[in-house]
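Structure first, commentary second.
The values are calculated or read from the model by the stated rules, or taken from the named source; none is laboratory data. None of the values given here were measured: they were computed from a predicted structure. Note that we place each Cβ from the backbone using ideal geometry, even for glycine, and neighbour counts take in every protein chain shown. All accessible areas refer to the heavy atoms of the entire protein, side chains included, with ligands and DNA or RNA removed. Shrake-Rupley method; radii C 1.70, N 1.55, O 1.52, S 1.80 Å.
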Amino acid sequence: MVLMATKLLRYLKLYGHLIKVSAMMETEYRFSFFLEVWVEVAFFIATIAGFTVIFANVTEVAGWDRPSMLVLYGVNMIFSETILGIAFIFNLRELPHRIITGDLDMMLVKPVNSLFAATLWRPYFASVPSALAGLVAVVIGFKLGDMPFNPIHLIPFGCLFICGGVIAYSLGTIISSLSFWFLNAEPLPFLAQQFIFMARQPFDIYSGLWRAVFLIFIPTAIMVTYPVASLLGKFEWWWLGLGIILAAVFLYLASRVWQQGLQRYESASV
Amino acid sequence: MSKYLAMFSLGLKNALEYRAALLTWILVEIVSLTSALFLWTGIFSTRDVVGSYNYKHILMYYFFIPVVGSITSAHISDKLPRRIKDGEITKDIIKPYSYILGFLINQFSIKLIQNTIKIPVYLVVGLILFQRFQLSVSPPLLFMGFAVGILGYVLHVTLDTALSLAAFWFDDTWSLSLLKYVSLMIFGGLTYPLDLIPALWRPIFAVLPFDLIYYFPVSLILGRIDPPAVVFYLIKLVIWTSIFVLLIRFLWTRGVRKYGAYGH
């Protein structure tokens, strides 16, 4: 237990250094950095435009009114920017190419866990200011709906957010790791991203068998809907239990798929 | 002419090499389409009409977006700016052929191969969707929509090429490609049907060229555009294509004069 805690602390310290280095690299060219942030915000503006068009014609979507949907979109922005920034932009998206060219060797020789090195090594710092745009949307949503904000709701929200993050990261790793088997399928990380983007939709739009699919197999409910519902004061305890179990299961599966993939990896010998 | 045919043939072979990547991109499009269909199914679970759309119209709209996109999409600004920035065009601009024309022909051949793989997939998805929800579309309108889609492709290619040539002057051209995509999401009908937008926004949308790439061909297929509006869109298409062609000539001439490459 003590050994695990020490190891975890070591990785957290290392990750802190990696964030610092990434921030220094990205802000070295300020114009480029601001452009990156602006592009991320522009995508969010496009999402909000879609939201505005829908609510120019309807008053609610599957029981979610305009202010609560705005909160949902805002939290989704924070969530997706966090996950894309931590795992996708400079890590998982590069994985298929690294496997083909043999550049994955550079990750494997580092004295750290190979999955950590390949999937978390370089955080995308421009995600941080972009996620703030989501926070603005959340605040506006609360104000528009005159919804009471209770800081105590942040506890279940935070726990579910972390569970959703672990699930999204694991799902991304599982799908991207298929590159070990399908060598030329470079867009695999983008396929994983699409599943994560589906979390933007409120879980209540699904019915029948699809509810089970998007709760258990592609748990978009845990990623965004349930955290947002918790923030809005509608938390149910079984969400947390399910979130923790699914996070553990998905993380385990990601680790297994990664290990299996590594056994197939042959480098490029160039 | 034979040199352009050779480029065309090379593009075909290159595209065939990356079948797995193409199939994955098709899956990405299908997942994106499915996500939109789920959302609108949820919206229509409590109402019969949204704006002037009923459930069947919305399903067909979102189905035809990627189908029309297989004709009208262009990815020149993903590749050409980098080639300019990295100096890869150096060896080509001294050769006795139009670099831009050669590049576009190469891209067209890649598109042809991609579509031979995409079309059967979309056909199967379409058959399932049309059977399940009892949808129907008029064959003459379908033909017209695809014909207009080809014109939309020409417009998109000229727009994308003009955008790419900014690489002669700017370092961060990757962002222009992404901002073009964002513009298509907001103004092109990629994210939502443009006839659902608030009336206040319509003049801006009417002036810009982005709705010609997705919204116009799809709405034509669905029979949602009356003949006077078709004429308006076609005139707009010709005007914007001409503007971009002139822009390409101007930017290319100026850009090549300014161009400098190191170590090539």
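Values for this structure:
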item	result
Failed item, numbered, when A:VAL41 is tested on (1) open to solvent by 20 Å² or more (accessible area, probe 1.4 Å); (2) more than 9 Å from chain B (Cβ to nearest Cβ); (3) more than 25 Å from A:PRO187 (Cβ to Cβ); (4) not hydroxyl-bearing (Ser, Thr, Tyr)	(3)
Counted residues, the stretch A:218-242 - those being in contact (Cβ under 8 Å) with a residue 24 or more places away in the chain, closer than 14 Å to A:ILE155 by Cα and of a type outside the set (A, V, I, L, M, F, W, C)	4
Filter result (open to solvent by 30 Å² or more (accessible area, probe 1.4 Å) and within 18 Å of the chain's Cα centre (by Cα)) within the stretch A:121-143	A:TRP121, A:ARG122, A:PHE125, A:VAL128, A:PRO129, A:LEU132, A:LEU135
Which numbered condition B:THR41 misses (of (1) open to solvent by less than 40 Å² (accessible area, probe 1.4 Å); (2) facing chain A (nearest Cβ under 10 Å); (3) of a type in the set (Val, Ile, Thr); (4) without any contact (Cβ under 8 Å) to a residue 60 or more places away in the chain)	(1)
Close pairs (7 angstrom Cβ cut-off, 6 or more residues apart or separate chains): more than 19 Å from B:HIS57 (Cβ to Cβ) and at pLDDT below 95 in the stretch B:197-219, open to solvent by 10 Å² or more (accessible area, probe 1.4 Å) and not in a helix (DSSP H, G or I) anywhere	B:PRO198/A:ALA56
Test: residue in the stretch B:36-48 that is more than 24 Å from A:ALA199 (Cβ to Cβ) and modelled with pLDDT of 75 or more	yes
Which listed residue, of A:ALA192, A:ALA199, A:ALA168, A:ALA185, is of a type in the set (A, V, I, L, M) and more than 13 Å from chain B (Cβ to nearest Cβ)	A:ALA168
Residue check, B:PHE244 within 14 Å of chain A (Cβ to nearest Cβ), at pLDDT 95 or above and closer than 30 Å to B:ILE89 by Cα	no
Matching residues, the stretch A:22-33, being more than 10 Å from chain B (Cβ to nearest Cβ) and open to solvent by 90 Å² or more (accessible area, probe 1.4 Å)	A:MET24, A:MET25, A:GLU28, A:ARG30
Qualifying residue in the stretch B:51-65 (condition: within 17 Å of the chain's Cα centre (by Cα), touching a residue at least 12 places away in the same chain (Cβ under 8 Å) and away from every other protein chain (no Cβ under 14 Å))	yes
Verdict on B:ALA147 being surrounded by fewer than 20 Cβ atoms within 10 Å (Cβ to Cβ), within 14 Å of chain A (Cβ to nearest Cβ) and among the small types (Gly, Ala, Ser)	no
Test set (1) without any contact (Cβ under 8 Å) to a residue 60 or more places away in the chain; (2) within 30 Å of A:SER230 (Cα to Cα); (3) crowded, with 18+ Cβ neighbours inside 10 Å; (4) away from chain B (no Cβ under 13 Å) - A:ILE89 fails condition number	(4)
Residue within the stretch A:148-160 that is open to solvent by 30 Å² or more (accessible area, probe 1.4 Å) and within 14 Å of another protein chain (Cβ to nearest Cβ) present	no
Neighbours by Cβ (under 9 Å, 6+ apart or cross-chain): first from the stretch B:68-81, closer than 12 Å to B:TRP174 by Cα; second part of a loop (DSSP other than H, G, I, E, B) and of a type outside the set (Lys, Arg)	B:SER77/B:THR173; B:LEU80/B:ILE89; B:LEU80/B:THR173; B:PRO81/B:PHE170; B:PRO81/B:THR173
A:ALA62 vs. criteria open to solvent by less than 20 Å² (accessible area, probe 1.4 Å) and either away from every other protein chain (no Cβ under 14 Å) or in contact (Cβ under 8 Å) with a residue 24 or more places away in the chain (or both)	no
Filter pass, A:VAL53 being touching a Pro at 6+ places or on another chain (Cβ under 9 Å), open to solvent by less than 20 Å² (accessible area, probe 1.4 Å) and assigned to a helix (DSSP H, G or I)	yes
Qualifying residue in the stretch B:173-184 (condition: open to solvent by 40 Å² or more (accessible area, probe 1.4 Å), within 14 Å of another protein chain (Cβ to nearest Cβ) and of a type in the set (Phe, Trp, Tyr))	yes
Residue list for the stretch A:209-240, filter: outside any helix (DSSP H, G or I) and over 18 Å from A:PRO151 (Cα atoms)	A:ILE218, A:PRO219
